[in-house]
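Rule-based calculations on the coordinates, nothing more; no lab input. For clarity, every value in this text was computed on a predicted model and none was experimentally measured. A quick note on method: Cβ atoms are made from the backbone with ideal geometry, for glycine too, and the neighbour counts reach across all protein chains shown.
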Amino acid sequence: MRLPIYMDNNATTPVDPRVLEAMLPYLQGRFGNAASRSHRFGWEAEEAVEQAREQVASVINASSKEIVWTSGATESNNIAIKGVAAMYRDQGNHIITQVTEHKAVIDPCKHLEQSGCQVTFLPVDKYGRVSVEQVREAMTDKTILVSLMHGNNEIGTLQPIREIGALCKERGVLFHTDASQTFGKVPIDVEAMGIDLLSCSGHKCYGPKGIGALYVRRKRPRVRCEPVLHGGGHERGMRSGTLNVPGIVGMGKAAELCRELMPTESKKVAALRDRLKDGLFGQLDEIFLNGHPTDRTPNNLNVSFLYVEGESLMMGFDDVAVSSGSACTSASLEPSYVLKALGVGDDLAHSSIRFSLGRFTTEEEVDYAVERVVTAVRRLREMSPLYEMAQEGIDLSKVQWAAH
Amino acid sequence: MSYSDKIIDHYTHPRNVGSFDKNDPKVGTGIVGAPECGDVMKLQIKCDATGRIVDAKFKTFGCGSAIASSSLATEWLKGKTVNEALQIKNTDIVKELALPPVKIHCSVLAEDAIRAAIADYKQKNHVDDAAESVSSAAAGA
């Protein structure tokens with residue numbers, strides 16, 4: 001076992017060696033511009049790009065013509081949301097999303113609010129889910145777009161997107177989903193799920209960084225987006241800019257591997273995640289699972305360790321790479337807005353750790369992580385005035401804290 | 001965030017973790033911060049009959065910097081009179097631990113904890129802020 005151990009696959013995944021191998025020729029001899037129609041260099045680049053388009057499309061049961069290359073899911077989300085808002089301005093100006101979206105959805109929506117759009121940010125239940133009923137009730141005759149993520153990046157909760165997709169179809173409203181955390185990991189079928197636009201990213205599924213895709217439905221209905229980047233008219237005018245051929249080839253290969261491996265990989269990763277969960281919950285009291293107990297991405301475990309602050313806890317097992325919802329790990333000094341939206345108190349948000357496993361996680365690594373985390377939690381609780389007060393029977397919620 | 005070796009040392013080997021009996025008249029207790037802000041420090045001093053701090057202990061819920069700041073504070077408090085201890089400034093802690101700018105509030109909290117512990121001690125022992133001498137309540141106990 002090599003240290004440090006990587007358990008932050010929701011942030012980014014390592015590039016699969018098979019992906020790197022596929023990319024290398026396009027970083028060496030095959031450097032052509034896919035838009036060059038006049039010579040072999042361009043043709044072979046274009047051919048590689050089109051093959052990758054097929055590979056990505058087949059993961060979500062789409063046609064390759066419906067895939068637009070972008071720089072990543074942030075850009076895909078921006079094109080989907082701003083592009084639809086601009087293109088369908090005459091039909092309405094109302095967008096429905098939720099409070100636990102990634103900032104790459106929330107911020108474009110907030111930006112649109114400043115230019116006359118109405119945005120409904122739906123609250124979520126204690127597991128981080130919205131219901132079809134909530135979406136239905138929020139719809140008005142001005143609603144043009146519903147944008148709800150498939151799997152949450154912090155807590156792993158899966159949204160009932162199939163039901164929401166069906167509702168959108170019934171009401172003639174476009175449905176966008178940010179599938180950054182689920183593409184290649186959880187089955188997605190844009191037809192069966194009624195998805196009109198879908199964002200995904202290369203570096204969350206063992207491909208390289210700097211490449212992503214946006215699925216844009218071409219039939220029933222034909223969805224159109226105003227571009228965010230204007231220029232040479234690449235990608236059917238939806239996204240100008242010379243194509244990142246090595247990145248595209250890498251994402252295509254990554255998608256193909258995900259499609260092949262998904263049935264076994266998702267089970268394997270979920271079993272490791274459950275082993276991690278059982279190890280922690282078996283040895284520590286006063287710890288809480290954040291997110292949905294069963295409807296969650298297979299690789300995610302988000303846990304709050306009561307009486308212990310997240311950043312100091314991570315320092316206690318610094319050879320296991322994870323992330324925390326604690327304010328101390330962010331520049332904003334605010335704890336995770338996702339956890340707060342679930343009604344998790346600020347104190348528990350500060351105490352949260354996100355473990356996200358992946359293709360290369362092993363049982364040995366999980367067991368090592370359990371041991372390190374348990375030891376660190378116990379040590380820090382011995383050092384925690386809150387733990388001491390709780391042991392004395394003091395109700396911490398009734399204490400008058402000298403807030404600062 | 002990359003921390004200084006001194007912060008990591010205090011985090012890994014915190015000095016003076018523990019508690020005194022808060023009802024002991026020789027003990028002053030300061031609890032500052034709030035769980036929802038992500039840090040709570042409990043700092044305690046124990047004084048002799050002359051008002052000199054003979055021992056100090058802490059418990060902290062907070063980030064590595066908060067733990068290091070309070071650990072360092074307990075080291076500095078020992079041997080000082082309570083009025084000397086009031087001279088400890090958060091900036092001294094920032095300098096000693098090389099705290100990064102976003103962690104300066106941890107040192108402020110440690111200074112607040114020192115002041116709160118001393119205030120508690122003085123109140124218990126009816127010490128006038130201006131007076132250096134101490135009429136210990138424990139003398140009659």
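Taking the charge dipole of region A:17-258 about its Cα centre, with +1 at Lys and Arg Cβ atoms and -1 at Asp and Glu Cβ atoms, the residue from A:His102, A:Gly83, A:Leu148 reaching farthest to the positive side is A:Gly83. Tell me, how many Å apart are the Cα centres for region A:15-41 and for region A:201-234? Here the two parts' Cα centres lie 20 Å apart. GNM on chain A, C-alpha springs below 10 Å: top fluctuator among A:Ser58, A:Ser304, A:Ser356? With Cα springs under 10 Å in chain A, the top fluctuation among A:Ser58, A:Ser304, A:Ser356 is at A:Ser58. Using the rule -39500 (n - 2.57) for each DSSP H run of four or more residues, divided by the residues of chain A, the 222 nm mean residue ellipticity is -12500 deg cm²/dmol.
Of all DSSP bridge pairs formed entirely within region A:134-249, close to 50 percent run antiparallel.
About the centre of its Cα atoms, region B:3-123 shows a dipole size close to 180 debye [charges on the beta carbon of Lys, Arg (+1) and Asp, Glu (-1) only; nearest 20 debye]. Sorting the segments A:261-267, A:291-297 by their residues' average number of neighbouring beta-carbon atoms within 10 angstrom, most packed first, yields A:291-297, A:261-267. Isolated cysteines of chain B, defined as having no other cysteine beta carbon under 4.7 Å away, are B:Cys37, B:Cys47, B:Cys106. Remark: the protein assembly as shown carries a charge dipole of roughly 1340 debye about the Cα centre, counting +1 on each Lys and Arg Cβ and -1 on each Asp and Glu Cβ. When DSSP beta bridges are limited to those with both residues in the protein assembly as shown, what percentage is antiparallel, rounded to the nearest 5? Once the DSSP bridges in the protein assembly as shown are tallied, antiparallel ones form about 70 percent.
What FRET efficiency do you get for A:Arg224 and A:Ser36 if R0 is 30 Å and r is their Cβ-Cβ distance, rounded to the nearest 0.05?
Details: r = 27 Å, r/R0 = 0.91.
About 0.65, to the nearest 0.05.
Per residue of peptide A:306-312, the mean number of Cβ atoms on other chains within 10 Å of the residue Cβ is 6.
Residues in region A:184-192 carry Karplus couplings, in order, of x, 10, 10, x, 10, 9, 5, 6, 5 Hz; the curve used is 6.51 cos²θ - 1.76 cosθ + 1.60 with θ = phi - 60°, and Gly or Pro positions show x.
What does the charge dipole of region A:17-258 about its Cα centre add up to, to the nearest 20 debye, if the Cβ of each Lys and Arg holds +1 and the Cβ of each Asp and Glu holds -1?
Numbers: 29 positive and 26 negative charges, 63 e Å.
Roughly 300 debye for region A:17-258.
Fully extending the segment from A:Gln400 to A:Glu363, taken as 0.36 nm per residue of separation minus the present Cα-Cα distance, adds 8.9 nm. Between the beta carbons of A:Thr294 and A:Val99, assuming R0 = 22 Å, the FRET efficiency works out to 0.50 to the nearest 0.05.
Three principal axis extents of chain A based on alpha-carbon atoms, in descending order, are 77, 52, 36 Å. Please list, in order, the residues from region A:1-28 whose amide nitrogen is less than 16 Å from a point placed 7 Å along the Cα→Cβ vector of A:Asp318. Inside the label zone: A:3-5.
With a cut-off of 11 Å on the backbone N, no residue of region B:103-121 is near the modelled label site 7 Å out from B:Glu36 along Cα-Cβ.
Close amide H partners of A:Gly212, meaning residues 5 or more places away or on another chain with modelled amide H under 5 Å apart, are A:Thr70, A:Ser71, A:Gly72, A:Gly202.
Amide H contacts under 5 Å for A:Arg296: A:Leu158, restricted to partners 5 or more places along the chain or on a different chain, H placed in the peptide plane at 1.01 Å from N. Once each part is reduced to its C-alpha centroid, what is the distance from region B:1-73 to region A:265-291 in angstrom? Here the two parts' Cα centres lie 33 Å apart. Couplings 3J(HN,Hα) for region A:350-360, derived from phi with the Karplus relation 6.51 cos²θ - 1.76 cosθ + 1.60 (θ = phi - 60°), are 5, 9, 9, 10, 9, 9, 10, 8, x, 3, 9 Hz, where x marks Gly and Pro. Partners of A:Lys268 within straight-line reach, counting lysines whose Cα lies under 26 Å from its Cα and excluding those fewer than 8 residues away in the same chain: A:Lys185, A:Lys204, A:Lys209, A:Lys253, A:Lys277.
For chain B, the membrane-span-like helix rule (DSSP H, alpha carbon extent of at least 24 Å along the helix axis, mean Kyte-Doolittle at least -0.5) picks out B:104-124; this says nothing about an actual membrane.
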